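The values are calculated or read from the model by the stated rules, or taken from the named source; none is laboratory data. Bear in mind that the values here come from a model prediction, so they are computed numbers and not experimental data. Virtual Cβ from ideal backbone geometry, glycine too; neighbours counted across all protein chains shown.
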Amino acid sequence: MLIGLDVDGTLLHVDESISDAVREQVDRVQRLGHEVTLATGRSWETAAPILDGLGLAPEYVVCANGATVMQRDLAEPSGYRREWVETFDPTEVLETIRGHLPRGSYLVEDAVGFRRYTEGMTEWSLTNAEQVDFEQLSGFPASRVVVVSPDLGTEEFLHIVRSMGLTEVSYSIGWTAWLDIAPIGVNKATALERVRDELRIPGSEVLVVGDGRNDVEMFRWAVAGGGRAVAMGQAPDEVKAAANEITGAVDDDGLAAVLARID
């Protein structure tokens, strides 16, 4: 079975801790021989410590909402190499967003994982990164653009983003005023389909678990293939609607309950 797990709000609590119950179940299903991996919006640099902490070493890891897929390679210092990276020219989308969110803060990740960010990205892990002026964010292929606007409420932010007409990229909106942009047609589902195909695992043997709007495509993909898509209990209604199962919230060890039923 291919088990794709979202990280924040699924594996991790708000304080980035992982409960003992979840750790035990992740370890148990891995020892049963299932392929347990991450399908996260996080960059590889912030996803790798999660794998290490769980003792996971899957063949592939989906990062940056599907724009980056890492493959295990023991010749690399991290044990993984960038196997598939999707990029786009961020210039036009950055200018479009800035026109609607002039007080937003921005982060752009390039094809090798280096990140450039503007002032105000204080809540993000900024290893392998440098602060630059807005004009320095463009001029190179990007795998990911992140925009945050903490002075806006979630509903106001949703309204503004949906009015931008971002048709040439894929995007997802986070729990708070946070926008994550990937190349058009790229998301967790497209990356997991590559992984599933490479591992020759039937669609009916897929399980994905998540809680965010960036998990909707992943859920629909799993359901369409005859697999299981499980939404965490705290997920927004639109996310739950895309799943075919709902479990408890992250604070109630909802993921552990799902994994406990696997044999």
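Give the residues of region 139-149 that are touching a strand residue (DSSP E or B) at 6+ places or on another chain (Cβ under 8 Å) and not charged (D, E, K, R), sorted by residue number.
F140, P141, A142, S143, V145, V146, V147, V148, S149
Regarding region 241-248, can at least one residue be identified that is within 14 Å of G4 (Cβ to Cβ) and of a type in the set (A, V, I, L, M)?
yes
Tell me, please, whether a residue that is surrounded by fewer than 21 Cβ atoms within 10 Å (Cβ to Cβ), assigned to a helix (DSSP H, G or I) and of a type in the set (D, E) can be found in region 79-96.
yes
Here are V195, V161: which of them is in contact with a Leu (Cβ under 8 Å, 6 or more places away or on another chain), modelled with pLDDT of 85 or more and within 21 Å of G41 (Cα to Cα)?
That would be V195, the only listed residue that is in contact with a Leu (Cβ under 8 Å, 6 or more places away or on another chain), modelled with pLDDT of 85 or more and within 21 Å of G41 (Cα to Cα).
Consider I181 against the criteria (1) assigned to a helix (DSSP H, G or I); (2) under 13 Å from the mean Cα position of the chain (by Cα); (3) within 22 Å of G153 (Cβ to Cβ): it satisfies all of them except one. Which criterion is unmet?
(1)
For region 164-192, what are the residues that are closer than 12 Å to T96 by Cβ, modelled with pLDDT of 80 or more and surrounded by fewer than 18 Cβ atoms within 10 Å (Cβ to Cβ)?
M164 - this is the single residue of region 164-192 that is closer than 12 Å to T96 by Cβ, modelled with pLDDT of 80 or more and surrounded by fewer than 18 Cβ atoms within 10 Å (Cβ to Cβ).
Given (1) more than 30 Å from V112 (Cβ to Cβ); (2) part of a loop (DSSP other than H, G, I, E, B), identify the lone condition not met by A241.
So the condition that A241 fails would be (2).
Among the residues of region 48-75, how many are farther than 17 Å from A191 by Cβ, acidic (D, E) and either surrounded by 15 or more Cβ atoms within 10 Å (Cβ to Cβ) or in contact with a strand residue (DSSP E or B) (Cβ under 8 Å, 6 or more places away or on another chain) (or both)?
The qualifying residues number 1.
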